[in-house]
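Just below is one structure, and these are the notes that go with it.
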Amino acid sequence: MSTVVYARVPDSLKQALAVRARERGLSLTAAVVALLERGLDATEDERAREREGELAASAGELERTRARLAEAQATLALAREREQLTASSFRALAERARGELASCPQCGKPVRGSDLLVSGHCPQCVTPLTALLLPRPQTGAPDRDAYLALLGALGGLVGLALASTSGAG
Ligand SMILES: [Zn+2]
């Protein structure tokens, strides 16, 4: 079954079609039909290639997203590991800080690490304990002010460790 298509084309195109038909021993109609079919096939192929290209781009994007996800998971695992290490360091420090470390020079009652480092005085008689922190005079002994500043910073950390672990006090 066939039907008729009216199409106005430029003279030059009609001449080219006539030349092509003559060369191939076809009627003008047969040459036009062959060219149109070829053109339609080419358009289909082009669309298919475009779809393949889009599909490949989507697959690439998916791959990159997976890689980013894996990277984020690795970072999270590392952060958790660090957090656990920090928590266990804090627990160890808090445990030490709760232990008896010295005795009060005034009343002789036991003094814990936290009394020495955090409150800075005897829990019984409130005598300042900073003197217990002083290093003995010796070669290479730390500078007194720097040493006390360091202990102050450490005391802050101990206080934090005590507060962040259960059974503080
Ligand atoms: Zn005391």
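The numbers here are math on the coordinates, done by the rules we state, and not lab data. Just so you know, these numbers come straight off a predicted model, no measurement behind them. Note that each Cβ is placed from the backbone with ideal geometry, even for glycine, and that neighbours are counted across all protein chains shown.
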Electrostatic dipole magnitude of the chain [Cβ: Lys, Arg +1; Asp, Glu -1; Cα centre; debye, to 20]
280
The exposure ranking of ARG8, ARG96, ARG24, fewest beta-carbon neighbours within 10 Å first, is ARG8, ARG24, ARG96
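If you rank TYR147, TYR6 by fewest surrounding Cβ atoms within 10 Å, what's the result? Each step should come with its number before you reach the end.
Details: TYR147 14, TYR6 4.
So the residues, fewest neighbours to most, are TYR6, TYR147.
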Lys and Arg at +1, Asp and Glu at -1: add these up for the other residues within a Cβ distance under 14 Å of CYS122 and post the number.
0
Which of the helices in the chain, when you take each full DSSP H run, stretch at least 24 Å along the axis at their Cα atoms and have an average Kyte-Doolittle score of -1.0 or higher?
28-98, 144-164
Taking the Cβ of each residue in ARG51, ARG136 as the centre, tally the other Cβ atoms inside 10 Å and list the residues starting with the fewest.
ARG136, ARG51
Label ALA146 and GLU83 with points 7 Å out from Cα along Cα→Cβ: what is the distance between them in nm?
3.7
What relative contact order, as a whole-number percentage, does the chain give when Cα pairs under 8 Å and 6 or more residues apart are counted?
14
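As a check on your grasp of the helix formula, calculate [θ] at 222 nm for the chain: sum -39500 (n - 2.57) over DSSP H runs of n ≥ 4, divide by the residue count, round to the nearest 500. Spell out each step's value before the answer.
Working: 4 runs with 110 residues, N = 169.
One gets -23500 deg cm²/dmol as the mean residue ellipticity at 222 nm.
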